[in-house]
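What follows is a set of notes on a single structure, which appears directly below.
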Amino acid sequence: MARVIVDVMLKPEILDPQGQAIARALPRLGFAGVSDVRQGKRFEVEVEGPADEAAIAEVRKMAETLLANTVIEDFVVRVEG
């Protein structure tokens, strides 16, 4: 069994109000030196068998179909470990 990670982030040109709210809150909480925050999602997909090319392609198709809105989000698929 293998774990494949899908990280989904808003495209750089898309406004990220949640990230902006976090960035504004950090100084009030005592954290300095942060110029920007972007919020995203992480999916951990357990696949049966090895994380070979076919399994990674299947997870990539999952990401394109369901996990990410490819109009406004980018995603990266990687094998953990």
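Worth a mention:
- Test: residue in the range 3-12 that is loosely packed, with under 12 Cβ neighbours inside 10 Å and either in a strand (DSSP E or B) or among the aliphatic types (A, V, I, L, M) (or both): no
- Test for residue 24: is it exposed (fewer than 15 other Cβ atoms within 10 Å of the Cβ), out of contact with any strand residue (DSSP E or B) (no Cβ under 7 Å at 6 or more places or on another chain) and either in a helix (DSSP H, G or I) or not aliphatic (A, V, I, L, M) (or both): yes
- Of all residues in the range 1-25, those that are within 21 Å of residue 69 (Cβ to Cβ) have Cβ atoms under 7 Å from Cβ atoms of residues that are assigned to a loop (DSSP other than H, G, I, E, B) and of a type in the set (S, T, N, Q), 6 or more apart or on another chain, in 16/39; 18/39; 19/39; 22/39.
- Test: residue in the range 39-50 that is more than 16 Å from residue 81 (Cα to Cα), within 17 Å of the chain's Cα centre (by Cα) and not small (Gly, Ala, Ser): yes
- Residue pairs meeting the criteria (Cβ under 6 Å; at least 6 apart or on separate chains; first within 30 Å of residue 15 (Cβ to Cβ) and among the hydrophobic types (A, V, I, L, M, F, W, C), in the range 40-57; second exposed (fewer than 11 other Cβ atoms within 10 Å of the Cβ) and at pLDDT below 95): none
- Number of residues in the range 58-81 that are out of contact with any Leu (no Cβ under 7 Å at 6 or more places or on another chain), closer than 20 Å to residue 12 by Cα and assigned to a loop (DSSP other than H, G, I, E, B) equals 4.
- Top-ranked residue in the range 58-78 [being hydrophobic (A, V, I, L, M, F, W, C) and in contact (Cβ under 8 Å) with a residue 60 or more places away in the chain; ranked as farthest from residue 42 (Cα to Cα)]: 72
- Of the criteria (1) acidic (Asp, Glu); (2) surrounded by fewer than 13 Cβ atoms within 10 Å (Cβ to Cβ); (3) touching a residue at least 60 places away in the same chain (Cβ under 8 Å), which one residue 36 fails: (3)
The values are calculated or read from the model by the stated rules, or taken from the named source; none is laboratory data. Computed from a predicted model, the values in this text were never measured in an experiment. Methodologically, a virtual Cβ is constructed for each residue, glycine included, from the backbone with ideal geometry; neighbour enumeration extends over all protein chains shown.
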